[in-house]
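Okay, so here's the structure we're looking at.
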Amino acid sequence: MFMTTETGRARVADDPDALARLDELLTAYPDLPPSTTQEVGILLKGLGPLDTGLLSANAAAWAKAERFRSDHPAIFRASWKLRLLWFALTIAFILFVVLLWDVALD
């Protein structure tokens, strides 16, 4: 039988170390140096659904995470390269549909 010594949310978290670090940083959120602020953004963006749920169980940390998201929206915004990629894929799809339509009419 498999036994584990981890308890609480560390037992079910995808990345318990990252979740603990994020929790620690969020408790001190407004008073963080810029390099640590970037780390919070990276950790929040990388949270999986399960870890997001575990973080939201802590009301104080979740409130600070929401405040962080509203204070730093640029971190969570899609880059211009990603937007350009989606635009190009959309145009390619439209051209493909028009080509198929034209072939079907002949």
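Every number in this text was worked out from the coordinates using simple rules, so none of it is lab data. Everything numeric here is computed off the predicted structure, so don't read it as measured data. Neighbour counts run over all protein chains shown; Cβ positions are idealised from the backbone, glycine included.
Go through the range 70-106 and give me each residue that's assigned to a helix (DSSP H, G or I) and among the small types (Gly, Ala, Ser).
Ser70, Ala74, Ala88, Ala92, Ala104
Listed here are the residues, each with its yes/no results for (1) surrounded by 10 or more Cβ atoms within 10 Å (Cβ to Cβ); (2) in contact with a Ser or Thr (Cβ under 7 Å, 6 or more places away or on another chain).
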| site | (1), (2) |
| --- | --- |
| Tyr29 | yes, no |
| Gly41 | yes, no |
| Leu47 | yes, no |
| Trp62 | yes, yes |
| Arg67 | yes, no |
| Ala74 | no, no |
| Trp80 | no, no |
| Ile91 | yes, no |
